[in-house]
Amino acid sequence: MKLFLHVWRQKDRTDPGRMETYNAEDISPDMSFLEMLDEVNEKLIQEGNEPIAFDHDCREGICGTCSLVINGMAHGPERGTTVCQLHMRKFQDGERIVIEPWRAKAFPVIRDLIVDRSSLDRIIQAGGFVSVNTGGAHDGNALPVPKPNAETAMDAAACIGCGACAAACKNASAMLFVAAKVSHLAHLPQGQPERSQRVKKMVEQHDQEGFGHCSNQYECEAACPKEISVKFITQLNRDYLRACVSAKD
Amino acid sequence: MNLDSKTPTGPLDSKWTRYKSECKLVNPANKRKYHVLVVGTGLAGAAAAATLAELGYSVAAFCYQDSPRRAHSIAAQGGINAAKNYQNDGDSVWRLFYDTIKGGDYRAREANVHRLAEVSTAIIDQCVAQGVPFAREYGGLLDNRSFGGAQVSRTFYCRGQTGQQLLLGAYQALSRQISYGNVKMHPRTEMLDLVVSGGRARGIVTRDLETGKIESHTGDAVLLCTGGYANAYYLSTNAAGCNVTATYRAYKKGAAFANPCYTQIHPTCIPVAGDHQSKLTLMSESLRNDGRIWVPRKTGDTRRPAQIPDSERDYYLERKYPSYGNLAPRDIASRAAKEVCDEGRGVGSGGRGVYLDFADAIRRLGQPKVAEKYGNLFQMYERITGEDGYQQPMRIYPALHYTMGGLWVDYNLMSNIQGLFVLGEANFSDHGANRLGASALMQGLADGYFIIPYTLANYFASTKQERLPADHAEFQRAEKDVGERVKKMLTVKGKKTAVELHRELGQTMWDNCGMARTKDSIQRTIKRVEELREEFWNNVNVTGTDANLNVALERAGRVADFMEFGELLARDALAREESCGGHFREEYQYPDGEAKRDDEHFAHVAAWEYQGPDKPPARLVEPLHWEFVKPTVRSYK
Ligand SMILES: Cc1cc2nc3c(=O)[nH]c(=O)nc-3n(C[C@H](O)[C@H](O)[C@H](O)COP(=O)(O)OP(=O)(O)OC[C@H]3O[C@@H](n4cnc5c(N)ncnc54)[C@H](O)[C@@H]3O)c2cc1C
Ligand code: FES
């Protein structure tokens, strides 16, 4: 396959950045999208140029590091797939492909296609945990959890924290990310004591980081490589409201 | 150098209890004065950093990813072992201990392994309390599955994402401590050197991967939790960034590197598709619970799998190892796959593959049940190969996966350098020559949550505190060395990229020092690695500068260390003239092809001590003592 790439290049946080074009030749349909970029990078280095910087690590769709917008779609055209798991057989020979970084105020670009996502970490730091210290926990089976609840918690917990939800949203809202963590813990007995506080603090932090508000466009669900459901945002809204009106907190 | 394991005396099952009650403690008011540097935030590092911060120590943590949540531990699929015996199927601490010792082919320390089995149960309790969404049965209790090398069901899991959920549990605990200001987190920061002075670890030198800034961090103890070195083979199931840099730098500063030749090759990975391949993808071993492994009986049988009748299939694991069948331990299952492929009975392009067939399971349980258990793995398989594993058998082949070797540590998890502790996959301690499935997660969390809090306190309380300032001459020297090395890579301006050279290194490691090794092939490896290293420093091309984010430079630095480390691995493989666990020397086997261990000469840990750039490293030995189990021929028949 031969492909024509339009890629965002930006030297550092302060550089205004620009699109550059590259040809990718001799691409096998069995390659992953990142392996295709590896090839392009090898050529660039051989020609004495700097490779295109992009984030990646596990290359199996679980670490949430890879983060490219391909032809306007976060993680590219295949549903429920991270860009590291996207394969070139999903593209046409001779296709033009536009590759950009996540775009959101809360994700400043630090180089080329790499953005700073520490905002997501700070949202978790604000309350995305259960406050238990190591040691002294009850026996794991002391507190049965109904299977459906455990399954729903796991559905939400599957979030890989990549940030595609915010990258896909026209308001750059990361509400699906917040909702996933809130719902994961809200469906388990361990998450109950801090349930109200957690949702309030996490939403507050989300807003402070400069993420936008959710206006129910559901682009996030469509882009999410783990297909986290927007029903969790509904759950979040309910929990948030309840937390705000409850007199205790 | 004396490799004293400092194993407590007394009965096996009370060693750890006694240690805990007798070890020295640090006064709570004083804990804040101790600075602990935790390098790596995988299961081992995140668990340690969070727990130590909870106890009151001042912690700084480092990782090369943009967030601690992305450490390679996240990729673990199958599960975590614990001797809970919830299934009432005869499990116990002793049995988990015994399975682990036997699985490791009697090349691990009894006391360490027993302690691991003891604390395993507390890990599950802790993780449940954190809200880890483990799989449950209909009654709401925790569910278990079976893993290789065990006849009981003791593996806890979260669908196919166990590592992810355990890591997120630890990451959340760590995040909580970061928010309290008890941990200072340094993401996108790579440790490039260890600073040692007066025989003690004093701190580390790092490079900020965004700005290129080289910096010193000083502490009272350094904990390396930097994972394994499987990427020395280029293609492995590890994440792209996994490296040996931190542990290898420590080795060059005097830490002994133990058993580097013990590498684990995982039997169920997706076969290599072409030269472009940048990594290999693991299909969790849990698939072997329900999948049956086979190849055609005849060589060169090119019929589609469905056209091959049962009578013309060879379910070779079930045939050779009737009592464990498809759940034979990893080293054995991997070698068996290589053997049938060497015989010309492999399947798929290039003939390097065997079938993993779910037809029987689907017939027995129905597709929805199979999907519920392994859905995401089938999905992953389809994405990568374009094939549907429900309709036709998957094709799998062994790949480099895990490394049992690592920095030598004593019972305290402290290396031979005072104040340098090593946790998780980065140490050598618990898995001997072969690790059982679902035991790495257990070890990482055991080390981080339950062992280091005691042993570190004991160290602090029995040593005089003397932290060096970050502008001390040793730090300045290390910073200078690191800076020069980085500059040197940028000035070679040769013709090959670091990736090309890495691929060549991996090729020789895999072909000559991989699943099966001979004296000859290992000597070839050593020679080839030397040549490649030479070529690296004369012909590598690293573009860009050192003053900003430079992915080519990051890669080159890691490859440069693999280029040295590969030789150490091979030297260890050469010196160990026996076959044991993941280390299979073709010269040492029984007529039926099983590994021939030599307890008379090799029942020891081999730890290598760096002797400077112009001298070969010294091989030190820690004898293994068998007080409680009797090593036998490891049979899974
Ligand atoms: C695909 C796959 C599946 C697996 N499945 C299972 C399973 O089901 N059950 C099981 O028990 N085990 C499994 N394992 C093994 C297990 O996941 C690992 O052994 C374990 O997670 C290692 O944890 P760790 O904390 O030691 O290191 P890692 O998780 O590898 O963490 C290493 C940390 O060190 C940091 N680091 C590394 N080098 C540097 C440096 N130079 N400077 C700064 N930071 C650095 C990294 O950023 C990272 O934070 C699996 C492994 C793989 C590859
Ligand atoms: S690189 Fe890990 S999810 Fe893509």
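Below, the figures for the structure above:
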read-out: Filter pass, A:Val115 being at the interface with chain B (Cβ under 10 Å from one of its Cβ atoms), closer than 21 Å to B:Val551 by Cβ and touching a Pro at 6+ places or on another chain (Cβ under 6 Å); value: yes
read-out: Filter result (hydrophobic (A, V, I, L, M, F, W, C) and crowded, with 24+ Cβ neighbours inside 10 Å) within region B:18-44; value: B:Val36, B:Leu37, B:Val38, B:Val39, B:Leu43, B:Ala44
read-out: Subset of region B:356-399 [under 17 Å from B:Ser286 (Cα atoms), in contact with a strand residue (DSSP E or B) (Cβ under 9 Å, 6 or more places away or on another chain) and among the β-branched types (Val, Ile, Thr)]; value: B:Ile396
read-out: Unmet criterion (only one of (1) assigned to a loop (DSSP other than H, G, I, E, B); (2) more than 21 Å from A:Ile228 (Cβ to Cβ); (3) within 8 Å of chain B (Cβ to nearest Cβ); (4) free of Cβ contacts under 8 Å to residues at least 12 places away in the same chain) for A:Glu42; value: (1)
read-out: Verdict on B:Ala246 being more than 16 Å from ligand 2 (Cβ to nearest atom), surrounded by 24 or more Cβ atoms within 10 Å (Cβ to Cβ) and under 15 Å from the mean Cα position of the chain (by Cα); value: yes
read-out: Test result for B:Ala170, buried (at least 21 other Cβ atoms within 10 Å of the Cβ) and within 11 Å of chain A (Cβ to nearest Cβ); value: yes
read-out: Output for region B:158-167, where each listed residue is at pLDDT 95 or above and more than 7 Å from chain A (Cβ to nearest Cβ); value: B:Thr162, B:Gly163, B:Leu166, B:Leu167
read-out: Enumeration of residues in region B:475-524 that are without any contact (Cβ under 8 Å) to a residue 12 or more places away in the chain and within 30 Å of B:Pro398 (Cα to Cα); value: B:Glu500, B:Asp511, B:Asp520, B:Ser521
read-out: Of all residues making up region B:258-286, the number that are within 13 Å of chain A (Cβ to nearest Cβ), outside any loop (DSSP other than H, G, I, E, B) and either over 15 Å from the mean Cα position of the chain (by Cα) or basic (Lys, Arg) (or both); value: 1
read-out: Residue that is nearest to the chain's Cα centre (by Cα), among those in region B:221-242 that are more than 16 Å from ligand 2 (Cβ to nearest atom) and within 30 Å of B:Ala457 (Cβ to Cβ); value: B:Gly228
read-out: Pick from region B:45-68, criterion of a type outside the set (A, V, I, L, M), under 16 Å from B:Thr455 (Cβ atoms) and touching a strand residue (DSSP E or B) at 6+ places or on another chain (Cβ under 8 Å), ranking: surrounded by the most Cβ atoms within 10 Å (Cβ to Cβ); value: B:Gly45
read-out: Region B:69-95, subset aliphatic (A, V, I, L, M) and more than 28 Å from B:Ser236 (Cα to Cα), residue surrounded by the most Cβ atoms within 10 Å (Cβ to Cβ); value: B:Ala83
read-out: Positions within region A:45-71 being more than 7 Å from chain B (Cβ to nearest Cβ) and of a type in the set (A, V, I, L, M), in sequence order; value: A:Ile52, A:Leu68, A:Val69, A:Ile70
read-out: Pair list, Cβ under 8 Å, 6 or more apart: region B:40-62 residue in the same structural domain as B:Asn30 (by TED's automatic domain parsing), other residue near ligand 1 (Cβ under 9 Å from one of its atoms) and of a type in the set (D, E, K, R); value: B:Gly42/B:Glu425; B:Ala44/B:Glu425; B:Ala44/B:Asp447; B:Ala47/B:Asp447; B:Ala48/B:Asp447; B:Phe62/B:Glu190
read-out: Close pairs from region A:82-94: first assigned by TED's automatic domain parsing to the domain that holds A:Asp38, partner within 16 Å of ligand 2 (Cβ to nearest atom) and among the aromatic types (Phe, Trp, Tyr), Cβ under 6 Å, at least 6 apart; value: A:Val83/A:Phe33; A:Leu86/A:Phe33
read-out: Residue in region B:322-354 that is farthest from B:Arg292 (Cα to Cα), counting only those that are of a type in the set (Ser, Thr, Tyr) and surrounded by fewer than 22 Cβ atoms within 10 Å (Cβ to Cβ); value: B:Ser349
read-out: B:Val540 vs. criteria β-branched (Val, Ile, Thr) and surrounded by 22 or more Cβ atoms within 10 Å (Cβ to Cβ); value: yes
read-out: Region A:84-96, subset away from ligand 1 (no atom under 16 Å from the Cβ) and within 21 Å of the chain's Cα centre (by Cα), residue farthest from A:Ser28 (Cα to Cα); value: A:Leu86
read-out: Strands (runs of 3 or more DSSP E) contained in region B:351-427 and holding at least 3 residues within 14 Å of chain A (Cβ to nearest Cβ); value: B:394-403
read-out: Those residues of region B:550-577 which are surrounded by 21 or more Cβ atoms within 10 Å (Cβ to Cβ) and assigned to a loop (DSSP other than H, G, I, E, B), in sequence order; value: B:Asn550, B:Arg576
read-out: Filter pass, B:Ala552 being away from chain A (no Cβ under 14 Å), at negative phi and either touching a residue at least 24 places away in the same chain (Cβ under 8 Å) or more than 24 Å from the chain's Cα centre (by Cα) (or both); value: no
read-out: Qualifying helices (runs of 4 or more DSSP H) (wholly inside region A:130-230; at least 3 residues being within 21 Å of A:Val115 (Cβ to Cβ) and hydrophobic (A, V, I, L, M, F, W, C)); value: A:164-168, A:175-186, A:219-223
read-out: B:Ala255 vs. criteria in contact (Cβ under 8 Å) with a residue 40 or more places away in the chain and either within 10 Å of ligand 1 (Cβ to nearest atom) or not in a helix (DSSP H, G or I) (or both); value: yes
read-out: Candidates A:Ala104, A:Ala74, filtered to the one that is crowded, with 18+ Cβ neighbours inside 10 Å, more than 7 Å from chain B (Cβ to nearest Cβ) and more than 16 Å from ligand 2 (Cβ to nearest atom); value: A:Ala104
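The values are calculated or read from the model by the stated rules, or taken from the named source; none is laboratory data. Nothing here was measured: the structure is a model prediction, and the numbers come from that model. No Cβ is skipped: glycine too gets one built from the backbone with ideal geometry, and neighbour counts run over all protein chains shown.
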